[in-house]
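Coordinate-derived values only; no laboratory data. This is a predicted model, so every value here is computed, not measured. Backbone-built Cβ (ideal geometry, glycine too); neighbour counts: all protein chains shown.
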Amino acid sequence: MHKTKVAVSEKNINLIKGGLLIFFAIQGEDDAVVCSDLVLPYLDSLLELKDFKAGANERVILYPSQIQVKDKKRSLLADRLMVVGLGKLSDQEEHLRIEAVRSAGGTISKACETLKVKDVKLVCDDIVGMERAAMAHHLVEGVVLGDYRFKKYKKEDPDTPTFEGISEITVCVDTQAGKVRKSVAKAISIAHAVHSARNMANEPGNSWTATDFADYALKLAEEKELTCRIIDKPKMKKLGLRGILAVNQGSAEPPKLVILEYSPAKKKKSVMLVGKGLTFDSGGVSLKPAAGMQNMKMDMCGGAAVLATMQAIADLKPDVHVIALIPATDNMSGSSALKPGDVIRHYNDVTAEIVNTDAEGRIILGDALAYGIEKYEPDCVIDVATLTGAVIIGLGHHHSGVLGNDDQLVDGLIDAGQTCSEPLWRLPLTKEYEKQIESDVADIKNTGGRDAGTITAAAYLKNFVGDTPWAHLDIAGTAWDFTEKSYIPKGPSGIAVRTLTEFICKK
């Protein structure tokens, strides 16, 4: 995946040549179009005919050389001019204004792909009512997030060369240049981290195994200020990580527990992230239906999100100690595979009756949670997993489910998700649901039936966190085919990377 370069310029906009110069417009009183005075002369005819209304993601492309402007001081030298609508913003809440700008960025990416434009210049003025730095951040984030494609395994058609993406973005401002540089650098780091999560999710199961998770983490630690530790199968046996080993029993690929650590000099808080790294889920002995099973390569999106978040955190360097654990394996039905009716003993000695081997994510997460909390004693822990189909039934592909034992932690994640337009919806986790996973032969069983499946899965995980503030994100419905947006591609969304990064950086 290419990496986009971003520059900040205070150069007079009138003197900018080449590339695609982009302005923004909003709908004001009585649907009047409000935009920069430099653009209005070029929009005269369109506005008169009401062919441009500045609706959300509405765009128009103009050619300044073909439009005569009476006032030479307002003439533009750019080859192409694009004006993108943001809709009505005056009565919108802040997170909706942010999303309008981010979405406009995605619209720009799609336009650049159509026009084969690699060099864009974004004009950040006061039209949105945001500080230049804030507008630049959300705009650049949207452009880069939208400028994503995964073509690794496709042969290029020589007759229709693939557009490789935007190579350079110039943010044009008349003030706050220093702040803008910092804000766009942050936006680029986060967006590239999301790209990394999407790339991992797009990889097929035979190209992204537990070993690949480990290798990626080791490489990331070499490139960034991170510490990496890999717990392999022999070490798991010594430590007693029997939940991860149990899920891996039917596989030819050995499991890994990947641990990445970011440890700044000044540590305000410590946050532990745990991501489900199930690289392919056949369902095990409780085999999934064949139809759609090819998509089960995406069952590692929680692990991808956590690994990519560490990439962003290493760039942004918050004063927060962050530990990431990714229990990684596939779930296969080999001759030694875990069977329904088996009883396993987790790392923390909780025993679990296996009712359904397709409810394997909670098993590997349970070990990772218990081990990580005992080893690192974090102030809080967040796990991220494509855990249940039930969350898709309940929330569709528009909200991720969140459950937890700490209101402050859950509320903080919900706020971060709202800022990033990755909305979370809290589900209850009361004792009544724990009764559904009571077992006659063990401490708990790994499913509680169809009713409240997302909640009973979280009730299982609750057995491994003790009194540590904990939140569980079920991203089964949003990690793949998330709500259609201009900056979200089909397939993997990279969900939770931005939310987790936002949450940690605000600690």
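Helix hunt in the chain: which complete DSSP H runs extend at least 15 Å axially by C-alpha with mean Kyte-Doolittle at least -0.5?
94-115, 132-146, 177-202, 210-223, 301-316, 361-376, 407-419
What does the extension gain come out to for SER335 and PHE150, with contour length at 0.36 nm per residue minus their alpha carbon separation?
Between SER335 and PHE150, full extension yields 63.1 nm more.
If you average the C-alpha positions of the stretch 437-483 and of the stretch 127-180 separately, how far apart do those two centres end up, in angstrom?
38
Note down the nm distance, to one decimal, between modelled labels 7 Å out along Cα→Cβ at TRP425 and at LYS5.
Taking the two extended label points, one gets 4.5 nm.
How would the stretch 196-505 be classified by its alpha-carbon gyration tensor: rounded, prolate or oblate, with rounded meaning a/c under 1.5 and the a/b versus b/c comparison settling the rest?
Since a/c stays below 1.5, the shape of the stretch 196-505 is classed as rounded.
As an exercise, use a Förster radius of 25 Å and the Cβ-Cβ distance of GLU93 and ASP411 to find the FRET efficiency, rounded to the nearest 0.05.
In this case the efficiency is close to 0.90.
Which residues in the stretch 379-405 have a backbone N closer than 16 Å to a point placed 7 Å from the Cα of LYS268 along the Cα-to-Cβ line?
Residues 379-380 qualify, since their backbone N sits under 16 Å from the label point.
Write down the percent of antiparallel bridges among all DSSP beta bridges whose residues are both part of the stretch 329-451, to the nearest 5.
For the stretch 329-451, the DSSP antiparallel bridge percentage is about 40.
Can you tell me the length gained on complete extension of the stretch SER65 to THR483, counting 0.36 nm per residue apart and subtracting the Cα distance?
Additional length available on full extension: 146.6 nm.
Go ahead and run the numbers for FRET between ALA177 and LYS238, Cβ-Cβ distance against an R0 of 45 Å, rounding to 0.05.
Once rounded, the FRET efficiency stands at 0.20.
Straight-line reach from LYS116: which lysines fall under 18 Å, measuring Cα to Cα and dropping same-chain residues less than 8 apart?
Of all the lysines, those that pass the test against LYS116 - Cα under 18 Å, at least 8 places apart if same chain - are LYS3, LYS5, LYS17, LYS151.
Rounded to the nearest 20 debye, what is the charge dipole size of the chain about its Cα centre when +1 sits on each Lys and Arg Cβ and -1 on each Asp and Glu Cβ?
Taking the Cα centre of the chain as origin, the dipole is about 1340 debye.
Straight-line reach from LYS267: which aspartates and glutamates have Cα under 13 Å away, leaving out those fewer than 8 places along the same chain?
Candidates past the 8-residue exclusion: ASP319, ASP379.
Highest mean first, what order results for 22-30, 55-63 on Cβ atoms within 10 Å?
The most tightly packed comes first, giving 22-30, 55-63.
Along the Cα-to-C-beta direction of LYS53, a point sits 7 Å from the Cα; which residues of the stretch 84-104 have their amide N less than 12 Å from that point?
Answer for this model: 87-88.
At what distance in angstrom do the alpha carbon centres of the stretch 55-120 and the stretch 355-371 lie from each other?
So the separation of the two Cα centres works out to 48 Å.
What is the distance in Å between the Cα centroid of the stretch 288-315 and that of the stretch 235-254?
If we compute the Cα centre of each part, the gap is 20 Å.
Go ahead and run the numbers for FRET between ASP37 and LYS317, Cβ-Cβ distance against an R0 of 41 Å, rounding to 0.05.
The computed FRET efficiency comes out at 0.55.
In straight Cα distance, which lysines are under 26 Å from LYS266, not counting same-chain residues fewer than 8 positions off?
LYS179, LYS182, LYS186, LYS219, LYS224, LYS317, LYS375, LYS506, LYS507
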